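Undergrad: To start, I am sharing the structure in question, which I have written as structure tokens.
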Amino acid sequence: MPYLTSVGRWRRLATLLPLLGVLSAATRAAQPLREVVQQALDQTIRSRIELPEKPIREALDDLEARTGLRFVLDATAADWMPYGEQTRIAIVMENVSVREGLGRIFAGLGLAMRVADDRIMVEPAPVLERLSRRLTLDEVATLQLLAERSWSSAGKGLAIDLRLPPDQADAARRLDDAVARAPGASAIEQLESATAALGWTWTPLGKGIVVYGRAEDVSQRLDRAIDVNYRRVPLDEMLVDLGRRIGVTVYFEPGVLQRVSARQRNVDLIQRHTTVRQVLELIVGNTGLAYEVGATGILITSPRGTAEPPPDGTPRDPGPVAPGSIDRDASRVVAILRIPVGTDGTTIDFLIRADELPEEFRQLRARKMPEVIEILRQRLRE
């Protein structure tokens, strides 16, 4: 049975009926539509509006018909509802601004709204974007509690799982102090502000919340499933695009891309249901680059311990070398086995490292490599 959200509990929300007149008048005055919608959202309307429970898209369509405001529900946002597009909501609004009323309703579902020209985009809020999966019924109830109350009320008795590094001493007290000082009308807004100030983040988890570090958030995003289709795309553009798709900033160590051979600076990669982490590992295996996960994003860098100086000529301290460290030549990728999967062009790449080859194949590679290099030289001369 699709879930009915409890948005009907809020009786202090605004009816939107008079907005049709506002929109019409503004259109006649040739006012930019974005400004018209923003003004409409800031109105306080006293008359009551009540819409019966319906699947979420149908409910927004009814709201659009009653108000003249156009709502566009993001496909990912709909998919992350407890029952997808069949999640049912009821809307009752009276005596508050349209922005505040809709904001509370959407916040209780892990959603947020954004004005784009004449439309109101309904998208995953930061908390749902971090969760990056379908909400459970308990998690919706938790978000609704946090959306309609302040932290001083909602935080009492709420289960809080602190998954922070050992050096984050007295985390519970620090969180309480930060939330108490944080601005915001709801516990969700206070949590967002407080955890950002502490360098942490949070998501709902069952009937409570979990708080963890920013670096852990970045690491979790690397494991999100994505499809990739890159054809002769510059390596740096591909890396930036991968980061954009999971909401992570990609940084580059100065001059690091200059260490990549010319033939490796353009990428052909087609895969379905892979992860950004897997793509990064492929790049590491093919180019010899490395990456580091941190609180601010992903740093593309040279492998630790390389003695090559940076482009400006400043000597690089290679750092201590551990006894018995792995021979880099032994772990170097020497071949890629590409296997087609299905009929749509999808492939899976298996990296083969030098120390994984039997001795006879290593000898064969050593004998054939000069011939291959000579063939390449001849083709370059043509």
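Read-outs: derived from the displayed coordinates by stated rules, not from any lab. Since we're looking at a predicted model, the values are computed, not measured. Note that we place each Cβ from the backbone using ideal geometry, even for glycine, and neighbour counts take in every protein chain shown.
Undergrad: How much space per residue, in cubic angstrom, does the convex hull of the C-alpha atoms of the stretch 24-163 take up?
TA: Residue-normalised Cα hull volume stands at 123 Å³.
Undergrad: Would you mind classifying the stretch 127-199 by shape? Square roots of the alpha carbon gyration tensor eigenvalues, ordered a ≥ b ≥ c; an a/c under 1.5 is rounded, otherwise it is prolate if a/b is larger than b/c and oblate if not.
TA: Judged from the Cα gyration tensor, the stretch 127-199 comes out oblate (a/c at least 1.5, b/c at or above a/b).
Undergrad: Can you give the % of DSSP beta bridges in the stretch 149-213 that are antiparallel, to the nearest 5?
TA: 55
Undergrad: If you don't mind, there's one more thing I want to ask. Can you order the peptides 181-192, 222-233, 356-367 by their average number of other Cβ atoms within 10 Å per residue, highest first?
TA: Packing proxy ranking, top to bottom: 181-192, 222-233, 356-367.
Undergrad: Pull up all non-local amide H partners of Tyr251: gap of 5 or more, or a different chain, and H-to-H distance under 5 Å with H placed in the peptide plane.
TA: It is Ile298, Leu299, Ile300, by chain and number.
Undergrad: Highest mean first, what order results for 295-302, 165-172 on Cβ atoms within 10 Å?
TA: In descending order of packing, they fall as 295-302, 165-172.
Undergrad: Which order do the peptides 140-153, 273-286 take when ranked by the mean count of other beta-carbon atoms within 10 Å per residue, highest first?
TA: 140-153, 273-286
Undergrad: Still on this structure, I have one more. Please list the equivalent ellipsoid semi-axes of the stretch 205-273, computed as the square roots of five times the alpha-carbon gyration tensor eigenvalues, in descending order and whole angstrom.
TA: Working through the eigenvalues yields semi-axes of 30, 16, 7 Å.
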